[in-house]
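Peer 1: Supplied in structure tokens, the structure appears directly below.
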Amino acid sequence: MIHSMTGYGKSVVQLPTKKITIELKSLNSKNLDLNARMPSIYREKELFIRKQVAKELVRGKVDFSIYVETTAEDTSTQINKPVVKQYMKQLKEVVEGEATELLKMAVRFPDALNTVREEIDDTEWKTIQNEIDNTLKLIMRYRADEGEVLKTDFDKRIKNIGDLLEKVIVMDPERIEGVRERLRKGVEELREKYDENRFEQELVYYIEKFDITEEKVRLKNHLDYFISAIDSKDSNGKKLGFIAQEIGREINTIGSKSNYAPMQQLVVQMKDELEKIKEQLLNVL
């Protein structure tokens, strides 16, 4: 079954001192374009996270984010009291002001705050890894649901092209007869005597150039192949894109050979359906 590259997944886990939110968003892209945002404490795990995400999502423009909200009296930042006091003492020598105002200025100066580097707890990291897995499952489910919507649309449009092809097949004998009559009428208007047998030979040769039997057969095969590829186990948007190119090639050849306005109108309709398929294929994994 096919999967869309568009997806969204979000997971929230409550730890003793913090709430962690993991979010994944993806859009279509030729390759995997992964943008990861996370607090510095988790940067050492970024490579593992990228491998974990890439293994599941394969392709797409992906935004991965970890948000941390502290929920307890636990902070890695502390006031450097001796430094702040020294700043305030110096400020008093320069300006007159209340202690609160001097403090507001002092804490903005360098080294006024000490940040203690946190270390990742193994238990915490295992919990986060599990939540990343859960988020990946959510986004894959989203992609699968979107894929079902795309499949329904593809089935409809491939059927439309098939129905138009059937009309082309029914119309083809009438088209050939029309070409034959136009040529015969053109020769007769010359008011010249001609060898009937030779004329028939030349007519057959000329009409063969307008024959679309092979194109009709190949187009039907490509349409069937497209449907079977959609229903295959793996999602392969690139493969479907190649098949769509072959479908377009046969449609274009039929249009260039038809030399018959009613058939060319059907070809235009087939091209319109195919363009809509190609647009949607950009979203298929």
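The values are calculated or read from the model by the stated rules, or taken from the named source; none is laboratory data. Since this is a predicted model, take the numbers as computed values, not measurements. Note that each Cβ is placed from the backbone with ideal geometry, even for glycine, and that neighbours are counted across all protein chains shown.
Peer 1: Restricting to segment 19-45, give me the number of residues that are under 23 Å from residue 127 (Cα atoms) and surrounded by fewer than 15 Cβ atoms within 10 Å (Cβ to Cβ).
Peer 2: Result for segment 19-45: 7.
Peer 1: Considering only segment 1-18, state which residues are surrounded by 14 or more Cβ atoms within 10 Å (Cβ to Cβ) and of a type in the set (S, T, N, Q).
Peer 2: 4, 6, 11
Peer 1: Does residue 180 satisfy being modelled with pLDDT of 95 or more and not aliphatic (A, V, I, L, M)?
Peer 2: no
Peer 1: Also, I was wondering about something else. I'm trying to understand the selection: among the residues of segment 151-186, which are within 15 Å of residue 224 (Cα to Cα) and either touching a residue at least 24 places away in the same chain (Cβ under 8 Å) or of a type in the set (Gly, Ala, Ser) (or both)?
Peer 2: 151, 154, 155, 157, 158, 160, 161, 162, 164, 165 - these are the residues of segment 151-186 that are within 15 Å of residue 224 (Cα to Cα) and either touching a residue at least 24 places away in the same chain (Cβ under 8 Å) or of a type in the set (Gly, Ala, Ser) (or both).
This table checks each residue for (1) closer than 26 Å to residue 272 by Cα; (2) part of a helix (DSSP H, G or I); (3) outside the structural domain of residue 68 (by TED's automatic domain parsing); (4) at pLDDT below 95.
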{"residue": "136", "(1), (2), (3), (4)": "no, yes, no, no"}
{"residue": "139", "(1), (2), (3), (4)": "no, yes, no, no"}
{"residue": "153", "(1), (2), (3), (4)": "yes, yes, yes, no"}
{"residue": "156", "(1), (2), (3), (4)": "yes, yes, yes, no"}
{"residue": "160", "(1), (2), (3), (4)": "yes, yes, yes, no"}
{"residue": "166", "(1), (2), (3), (4)": "yes, yes, yes, no"}
{"residue": "169", "(1), (2), (3), (4)": "yes, yes, yes, yes"}
{"residue": "173", "(1), (2), (3), (4)": "yes, yes, yes, yes"}
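Peer 1: Looking for whichever is at pLDDT 90 or above, assigned by TED's automatic domain parsing to the domain that holds residue 22 and not basic (Lys, Arg) here; the options are 230, 128. Which one fits?
Peer 2: 128
Peer 1: (1) surrounded by 13 or more Cβ atoms within 10 Å (Cβ to Cβ); (2) more than 24 Å from the chain's Cα centre (by Cα); (3) aliphatic (A, V, I, L, M): which one isn't true of residue 136, the others all being true?
Peer 2: (2)
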